[in-house]
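Only one structure is covered here, and it is reproduced in the block below.
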Amino acid sequence: MRIMELLTDDPRPPGEAVDDPEPGAGPSRAARVRVLLAAALGPLVTGYAAVAAVLALITLTAERAVFSATGVLLAAGPGWLAAHQVRLDLGGHPLGVLPVLPTLGALVLAARTASGAAARLGCRSPREALPVFVTITGAHALCGLAVALGTRGSVATASPLVAFAVPGLLAALASAAGIVRCCGLPDVVAERVDPLALRGLRAGALGLAVLVAVGAGVFTVATAVSWRTVADMYEPAFGSSFGLFLLSVLYLPNAVTAALSFVTGPGFSIGDLNVGMFGYRGGAVPGVPLLGGLPEHHAAWWPALLALPAATGVLVGWSLRKVDADPAQRIRAVAVAGAVVALGCVALGSLSGGRLGDGPFDPVSVPVGVASVVAFCWIVIPGSFVAFFAGEHEPPAPPEALEDNEAFQDAEEVDADEAAQAVEEIEASEEDEEAPEEPGEDTEFEAEADAELDLEEPVLSGESGVAEDPAPPPGSVAEADEAVTGGTETCGDVEPDEPDR
């Protein structure tokens with residue numbers, strides 16, 4: 001209890017902001033050592049105590065079982081390894097199908113411990129939080145190695161190398177997730193990573209959560225429909241029934257993952273039993289109430305369940321329909337979301353399967369590779385279709401010939417047909433202007449008539465260059481002379497008329 005108080009108690013007075021410490025204030029060296037020691041031992045002691053409590057409860061409620069505190073404490077060591085997904089050997093028989101629910105609890109515990117330790121130390125950057133990360137990771141790895149070495153020669157054993165690596169890896173992931181927020185790492189990542197990729201990551205997390213919910217719903221409906229079979233698996237004795245119920249609860253995430261794989265198409269297998277969307281092969285199953293909802297034969301309506309993952313893809317595409325005006329960028333965001341879902345299916349499938357002794361139920365497996373590819377397709381194909389057609393589309397740019405047209409500069413929307421027609425009219429008018437004028441029949445006739453009447457070309461004034469009117473007809477020579485004389489006198493810069501040549 002003292003260790004957990006060090007991580008939960010806040011030494012600051014009420015009302016003081018945690019994110020704004022006083023300049024130059026920080027914990028002393030002794031305080032830092034206490035916080036790091038509590039961060040190292042807190043998750044280990046709490047997890048070991050939880051496993052020991054569960055084993056003690058099972059031993060106390062089971063019939064014909066002798067309770068021994070020493071035996072419970074010794075058995076809690078392999079139980080702690082099982083909670084951290086370390087494969088065990090029980091009397092020479094492999095046990096790799098380990099419950100995922102305790103693993104999730106261990107991850108949450110390590111993440112909260114790391115977050116609390118980083119906050120107490122006043123870490124504001126990943127470099128400052130590095131001691132917390134190293135301490136929690138190293139403590140889990142060393143604890144797994146110590147338990148594996150201490151159980152050698154007993155009934156439940158584990159590989160020292162695996163016991164060192166797997167708990168350390170899980171603790172590293174959990175502690176990193178716990179300290180990133182208090183160190184401001186999400187803000188740094190958001191500033192340096194493409195915003196479109198971040199939206200894709202969020203949509204992928206949403207899609208994975210929806211698929212898990214779909215698997216949980218299908219599993220719940222199947223169990224409810226087969227409730228009579230499930231009830232018959234419980235024994236009359238309370239202790240045995242409680243043990244079966246507790247075992248079913250611990251393996252509940254494993255069953256949900258198998259249901260998720262079934263809904264998306266690939267299915268799952270338990271020994272000779274193979275349940276898939278388009279195929280079924282019977283086989284023996286363990287007598288656990290958790291498996292009471294397994295079908296006994298294939299049903300023709302199963303492919304209708306494929307609408308559920310397709311709807312999930314539609315939901316992802318709908319959530320990304322407004323991330324960008326370019327349809328290609330929206331499809332890229334959907335692809336990122338599909339990759340996140342595929343990676344999540346790989347992680348869940350890897351944790352949910354494994355060896356189960358050497359009997360008829362071995363192995364329990366979820367086709368991780370096929371399930372991840374199929375899940376990716378269920379997100380990307382319908383999601384891209386929805387994101388492409390439900391999102392915005394940029395209007396077509398007006399042709400270059402209309403850029404200087406005032407009628408289209410003020411228009412908010414340009415009709416493509418009207419724009420094309422206007423371009424054709426502009427091109428036709430330009431061709432007419434550039435085409436040379438061909439002399440017509442009327443022009444030729446007038447030229448011949450002028451030649452026969454001896455009409456001269458208009459006379460240009462020498463200085464001003466102004467063209468004079470042509471000579472008048474023969475009947476009005478006097479009038480023309482008077483008009484010309486008056487004009488020249490007015491101008492004053494025109495030479496006297498020259499005699500006719």
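The values are calculated or read from the model by the stated rules, or taken from the named source; none is laboratory data. None of these values were measured; they are calculated from a predicted model. Positions of Cβ are backbone-derived with ideal geometry, glycine not excepted, and every protein chain shown enters the neighbour counts. Just the protein is used for accessible areas: all its heavy atoms, side chains included, with ligands, DNA and RNA removed. Shrake-Rupley method; radii C 1.70, N 1.55, O 1.52, S 1.80 Å.
So here's what we get for this one:
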| read-out | value |
| --- | --- |
| Residue match in the stretch 35-43 (condition: modelled with pLDDT of 85 or more, among the hydrophobic types (A, V, I, L, M, F, W, C) and open to solvent by 50 Å² or more (accessible area, probe 1.4 Å)) | yes |
| Phe268, sole failed condition from (1) touching a residue at least 60 places away in the same chain (Cβ under 8 Å); (2) crowded, with 21+ Cβ neighbours inside 10 Å; (3) among the aromatic types (Phe, Trp, Tyr); (4) under 30 Å from Arg199 (Cα atoms) | (4) |
| Residue within the stretch 223-233 that is over 26 Å from Tyr280 (Cβ atoms) and either modelled with pLDDT under 90 or assigned to a helix (DSSP H, G or I) (or both) present | no |
| Per-region count, the stretch 121-138, residues open to solvent by 20 Å² or more (accessible area, probe 1.4 Å) and within 12 Å of Gly42 (Cβ to Cβ) | 1 |
| Enumeration of residues in the stretch 91-112 that are open to solvent by less than 20 Å² (accessible area, probe 1.4 Å), hydrophobic (A, V, I, L, M, F, W, C), under 18 Å from Leu247 (Cα atoms) and not in a loop (DSSP other than H, G, I, E, B) | Val100 |
| Matching residues, the stretch 227-256, being open to solvent by 30 Å² or more (accessible area, probe 1.4 Å) and of a type in the set (S, T, N, Q) | Thr229, Ser240 |
| Residue among Tyr251, Tyr234 that alone is of a type in the set (Ser, Thr, Tyr), within 17 Å of Leu104 (Cα to Cα) and over 23 Å from the mean Cα position of the chain (by Cα) | Tyr251 |
| Within the stretch 148-169, considering residues that are open to solvent by less than 30 Å² (accessible area, probe 1.4 Å) and assigned to a helix (DSSP H, G or I), the one farthest from Leu107 (Cα to Cα) | Ala148 |
| Cβ pairs under 9 Å, 6+ apart, first in the stretch 192-221 and touching a residue at least 60 places away in the same chain (Cβ under 8 Å) and open to solvent by less than 30 Å² (accessible area, probe 1.4 Å), second assigned to a helix (DSSP H, G or I) and basic (Lys, Arg) | Leu196/Arg330; Leu196/Arg332; Ala197/Arg332; Gly200/Arg332 |
| Condition met for Leu130 (under 21 Å from Ala258 (Cβ atoms), at pLDDT 90 or above, part of a helix (DSSP H, G or I) and not hydroxyl-bearing (Ser, Thr, Tyr)) | no |
| Unique match (being farther than 22 Å from Gly359 by Cα, touching a residue at least 40 places away in the same chain (Cβ under 8 Å) and of a type in the set (Lys, Arg)) among Arg120, Arg87 | Arg120 |
| Residues of the stretch 378-395 classified as in a helix (DSSP H, G or I) and open to solvent by 40 Å² or more (accessible area, probe 1.4 Å), total | 6 |
| Restricting the stretch 172-184 to residues that are part of a helix (DSSP H, G or I) and touching a helix residue (DSSP H, G or I) at 6+ places or on another chain (Cβ under 6 Å), the residue that is nearest to Ala38 (Cα to Cα) | Ser175 |
| Residues satisfying the stated conditions in the stretch 87-118, i.e. of a type in the set (Ser, Thr, Tyr) and closer than 18 Å to Ala38 by Cα | Thr113, Ser115 |
| Unique residue being touching a helix residue (DSSP H, G or I) at 6+ places or on another chain (Cβ under 8 Å), small (Gly, Ala, Ser) and surrounded by fewer than 20 Cβ atoms within 10 Å (Cβ to Cβ) when the list is Ala375, Ala371, Ala339, Ala325 | Ala339 |
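Yes/no per residue for (1) of a type in the set (A, V, I, L, M, F, W, C); (2) assigned to a loop (DSSP other than H, G, I, E, B):
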residue	(1), (2)
His298	no, yes
Leu308	yes, no
Ala325	yes, yes
Ile331	yes, no
Pro360	no, yes
